[in-house]
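I have placed the structure first, in the form of structure tokens, so that the comments after it can refer back to it.
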């Protein structure tokens, strides 16, 4: 069996393991919808046009960066990564399985959130701009997968993983045009958020989702997002550990 087939097999294994835990799977998909309902109730009529693409971004980040960083850290501390490295399975195929599974879940969440926005809040899906939307989603998913592996290298142990991961991402979500519209924020908050990948992912998705085919493609946002992804790859290579830290 060649390496690509092994990677695909690993993706299938990760998916089976995920669906065999129904409570975890249910809340993975319910959580973004709960946020959508809460935000639309709090911010009132018209908020759905902002929060549908915003929650799509949140869903992709949660499925890739958050879940991947926590899952890999737990696997490292349980000795799974060390054992995997001692098997004939190529290490890149194992990581590709983890990342592939995370991206699949992310795209399922995108479809669910987009459908919920259309059915519950009458937010039109930008079908004419869909190739551009998909490109942004792919780059965003790849970037935050790389950043998830990178942050895993800095997490000391599995117990600390949720705290470290959320301490990094939650503030960014609040100041980066995801949980709260940035338009009324102080100038310094706007400036700081533009240094972060979350802001550029959110801005690119909001531009395409609200502007449709008439929107200018957000090349600058996509370029900065991709640069963060490259930085994540470099950091992951330098900091990733296959053995538990004692």
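Every read-out reported here was derived from the displayed coordinates using simple, explicitly stated rules and does not represent laboratory data. Please read these numbers as outputs of a predicted model, since none were measured by experiment. Cβ sites come from the backbone with ideal geometry, for glycine too, and all protein chains shown count toward neighbours.
A few remarks follow.
- Rg to Rh quotient for the chain, alpha carbon positions, Kirkwood Rh: 0.98
- Inter-probe distance in nm under a simple model that places probes 7 Å from Cα toward Cβ, at residue 234 and residue 91: 2.0 nm
- The C-alpha atoms of the chain define a longest principal axis, and helix 3-19 lies at about 70 degrees to it.
- Among 33, 235, 89: highest mean-square fluctuation, GNM of the chain, C-alpha pairs under 10 Å: 89
- For the pair residue 21 and residue 184, a Förster radius of 45 Å applied to the C-beta separation gives a FRET efficiency near 0.65, rounded to the nearest 0.05.
- GNM result for the chain, Cα springs below 10 Å: residue of 223, 148, 232 fluctuating most strongly: 223
- With all pairs of separate Cα atoms included, segment 1-121 yields a Kirkwood hydrodynamic radius of 15.8 Å.
- Axis of helix 130-152 versus longest Cα principal axis of the chain: the two differ by about 50°, to the nearest ten degrees.
- With R₀ fixed at 22 Å, the C-beta to C-beta distance from residue 216 to residue 120 puts the FRET efficiency at about 0.15.
- Gap separating the Cα centres of segment 161-181 and segment 20-63, nearest whole Å: 14 Å
- Taking the chain as a Gaussian network of alpha-carbon nodes connected by springs under 10 Å, the highest mean-square fluctuation of the residues 15, 184, 157 belongs to 184.
- Using only the C-alpha atoms, the convex hull of segment 124-214 corresponds to 116 Å³ per residue.
- Using alpha-carbon coordinates, inclination of helix 219-239 to the longest axis of the chain, degrees: 20 degrees
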